[in-house]
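The values are calculated or read from the model by the stated rules, or taken from the named source; none is laboratory data. These numbers come from a predicted model, not from an experiment. Quick reminder, even Gly has a Cβ in these numbers, built from the backbone with ideal geometry, and neighbours come from all protein chains shown.
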Amino acid sequence: MAKNYKNIYDNTGDSVSLEQRYYVKTETSSGTLIGPTDTDYIFAIDGGSIDFSQPNDPSMHRSGRHNQDTVKGKKVVDWSIPMYINLDTSLGAAGVGEIDAGIRALWKTGLGRELIPGGVTYDAVTTPNTTFSIHEVGDKSSVQANAAFIETATLAIPGDGVPTITWAGGAADRKRVGIGAFTSDATGGNVITLDVPSEAKRFPIGGLVMIIEADGLTRSADTPNGLYRKVTARDTGTGTVTIDGAVLADADGSATTAFFLAYAEPESPTAINDIQSGLQGEINIDLLGGTLSCVRSVNVTIDNQVERVDYCALTDSLGSPYVVYGDRLLVTVDIELNLNDNSIEWLDDLDAFLANDIYVIVGDSAGRHFRVDLPKVEFSPPTVSIPSSGSIPFTASGTALQTATDQGDEILVSYL
């Protein structure tokens, strides 16, 4: 059923967490907030957030024993999105149709290079140079973050659960946009006067909005599906909100019941819903003799070790280029196994710091699947602790290395 913004506006109850949706879209101009389309929607699971903070510390003014004023610091935006591994296994041939556009944006920003022939593959041969916008859409409001980038991506393959990827990073700023009603005629100009003046607070300058007609469903011709307007000014005393673009031609709330000004959101979001549940696949470690019959868990973490550009003078948030990839890419691997004949021999190899060639497949290796290649991983000798009963698990932790100078091949991620 289509989302009805009139019903949401009329409902005076609290927001509901289950309405949380995410859209991710590569920015055409780095740092400029861009609106999502239907295909920028991605499925996420519990735990995602866009967190905003801004220090507001007592000033150093001499004012006796009493704080008299405060000094604000720069804005800080942190975000995370956990998700299952989804890919369209119904396709006859590998290609970009296997994965969502938003997932492609995350991987390209996270690793740097996208290769399409024969599937969709990502590696770190080139340094990431794109940013993206994130829209965390709920029922009564949407959080819109610009200049987002990837700091870490963690692939978790548990023995007793579903494989997940958790993305985390930062952004330059965020806007929280809501829904307001107007029964005035805004056609012929760019100023919308809301019925309740305080509702202008729901539309911060820079936020992306759309106009919804009286039925709560129909997009105005001024903001058709996937095309939005930006708030350029507001007055919370008079309730006026000014938006950019051509003068409005389909925004007459006086002809019938109220029209609505609402946060940007596509009309018919669509995403691939084909979860790779972890019930089939392969984990191959060459020094352990190839494909293993039992691995308790595997975790791979990509850490870009970025430098946030939070040091520019006379700016209240990150400054362009927002992020600098000034430190080494760090890819770490944690593998949990049981102690047995094979792993005892492997522990001897780890004591000698021998490099391991590892790959992990999630899904049907003979069909469409997700794959991670780590051609050179060196582990530190692990500690083996003996539990009170049962098998004896241990975790080997290592670092993925490139195979030779300037290869940038410490990790290869593929949708095949």
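Quick look at the numbers
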| item | result |
| --- | --- |
| Tabulated pairs, segment 292-317, first more than 22 Å from ILE392 (Cα to Cα), second among the basic types (Lys, Arg), C-beta under 7 angstrom, 6+ apart or interchain | GLN305/ARG328; ASP310/LYS74; ASP316/LYS74; ASP316/LYS75; SER317/LYS74; SER317/LYS75 |
| Members of segment 64-92 that are in a strand (DSSP E or B) and either among the aliphatic types (A, V, I, L, M) or under 30 Å from CYS312 (Cα atoms) (or both) | THR70, VAL71, LYS72, VAL76, VAL77, ASP78, TRP79, SER80, ILE81, MET83 |
| Residue within segment 358-373 that is of a type in the set (A, V, I, L, M, F, W, C), assigned by TED's automatic domain parsing to the domain that holds GLY289, surrounded by fewer than 15 Cβ atoms within 10 Å (Cβ to Cβ) and in contact (Cβ under 8 Å) with a residue 12 or more places away in the chain present | no |
| Criterion (of a type in the set (S, T, N, Q), at pLDDT below 95 and farther than 27 Å from GLY161 by Cα) met by exactly one of SER63, SER15 | SER63 |
| Top-ranked residue in segment 58-111 [being without any contact (Cβ under 8 Å) to a residue 24 or more places away in the chain and closer than 28 Å to ASN129 by Cα; ranked as nearest to the chain's Cα centre (by Cα)] | ARG104 |
| Answer from ASP409, ASP373 - the residue that is modelled with pLDDT of 95 or more, part of a strand (DSSP E or B) and under 30 Å from ASP274 (Cβ atoms) | ASP373 |
| Per-region count, segment 52-95, residues surrounded by fewer than 13 Cβ atoms within 10 Å (Cβ to Cβ) and of a type in the set (Asp, Glu) | 2 |
| Any hit, segment 261-273, residues being more than 23 Å from GLU136 (Cβ to Cβ) and either among the hydroxyl-bearing types (Ser, Thr, Tyr) or not assigned by TED's automatic domain parsing to the domain that holds SER297 (or both) | no |
| Residue check for THR257: more than 30 Å from LEU401 (Cβ to Cβ) and β-branched (Val, Ile, Thr) | yes |
| Strands (runs of 3 or more DSSP E) contained entirely in segment 104-170, each with at least 1 residues that are more than 24 Å from ILE50 (Cβ to Cβ) and assigned by TED's automatic domain parsing to the domain that holds VAL77 | 113-115, 120-123, 142-158 |
| Residue pairs meeting the criteria (Cβ under 6 Å; at least 6 apart or on separate chains; first assigned by TED's automatic domain parsing to the domain that holds ARG202, in segment 225-243; second of a type in the set (Phe, Trp, Tyr) and at pLDDT 95 or above) | VAL231/PHE203; ARG234/PHE203; VAL241/PHE203 |
| Those residues of segment 142-162 which are surrounded by fewer than 18 Cβ atoms within 10 Å (Cβ to Cβ), touching a residue at least 24 places away in the same chain (Cβ under 8 Å) and farther than 21 Å from THR109 by Cβ, in sequence order | PRO158, GLY159, GLY161, VAL162 |
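Residue by residue, here is whether (1) over 18 Å from TRP79 (Cβ atoms); (2) of a type in the set (A, V, I, L, M, F, W, C); (3) assigned to a loop (DSSP other than H, G, I, E, B); (4) in contact (Cβ under 8 Å) with a residue 24 or more places away in the chain holds:
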site	(1), (2), (3), (4)
LYS3	yes, no, yes, yes
LYS6	yes, no, no, yes
GLY13	yes, no, yes, no
TYR23	no, no, no, yes
GLY31	no, no, yes, yes
PRO36	no, no, yes, yes
